[in-house]
1. So how far, in whole Å, is the C-alpha centre of segment 75-148 from the one of segment 25-67?
2. Expressed as a whole percentage, what fraction of the accessible surface of the chain belongs to carbon and sulfur atoms when a 1.4 Å probe is rolled over the protein heavy atoms?
3. Between exposed trypsin sites (Lys or Arg not before Pro) in the chain, where DSSP calls loop and at most 10 other Cβ atoms lie within 10 Å, what's the longest gap?
4. Classify segment 4-143 from the C-alpha gyration tensor, please: rounded if a/c falls under 1.5, else prolate or oblate depending on whether a/b exceeds b/c.
5. Scanning the chain for GluC sites (Glu not before Pro) in DSSP loops with at most 12 other Cβ atoms within 10 Å, what's the longest stretch left with none?
6. Mind checking the dipole of the chain: about its Cα centre, +1 per Lys or Arg Cβ, -1 per Asp or Glu Cβ, Debye to the nearest 20?
7. Longer than 23 Å from Cα to Cα, which of 4/135; 46/82; 26/68; 4/87; 46/135; 46/68 are they? Say none if no pair is.
8. Hey, can you find the accessible area per residue of the chain for me, probe 1.4 Å, expressed in square angstrom?
Amino acid sequence: MLPKYNVTATLQCAGNKRTAMSKVRKVRGVGWDVSALGNATWGGAKLSDVLELVGIHKLSSVTSLGGKHVEFVSVDRCKEEKGGPYKASIPLKQATDPDADVLLAYEMNGETINRDHGYPLRVVVPGVIGARSVKWLDSINIIKEECQ
């Protein structure tokens, strides 16, 4: 069993104020106003520990097969992927860095994560846009190029 870590992080959508920006010039994406952010204490396993279990060493920047990014695939479907799954990625170096605090979270504020926030498992990637913190995690892949 892997140790559980708690990380307090603020997640913010990159689309904050997109509605106001679209009044000046059309901006693609969901039209958020000013409050697409939240703060929580997340509990779960460090992604770096999980990747080490499958043979990817801590602080790795490339795998033996040339993988440089970790892709998170959700069960959620989206129109941008023509009905395919929502996906996002982070650099392998960030994913394998224990100090980056990237979690596979199953708790939020000391309770089992609820469905709206990604039950049963969600990635939490502190320090980058909230879109990288993929909800309803289905799979994790090591890929050569950044996920589009």
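1. Result: 5 Å between the Cα centres.
2. 52
3. That would be 83-148.
4. Prolate, because a/c is 1.5 or more and a/b exceeds b/c.
5. The longest such stretch corresponds to 1-144.
6. It comes to approximately 740 debye.
7. Long pairs (Cα-Cα over 23 Å): 46/82; 26/68; 4/87.
8. Averaged over the residues of the chain, the accessible area is 61 Å².
The values are calculated or read from the model by the stated rules, or taken from the named source; none is laboratory data. Quick caveat: nothing in here was measured; it's all calculated off a predicted structure. Note: ideal-geometry Cβ built from the backbone for every residue, glycine included; neighbour counts use all protein chains shown. Accessible surface areas use protein heavy atoms only, side chains included; no ligands, DNA or RNA. Shrake-Rupley method; radii C 1.70, N 1.55, O 1.52, S 1.80 Å.
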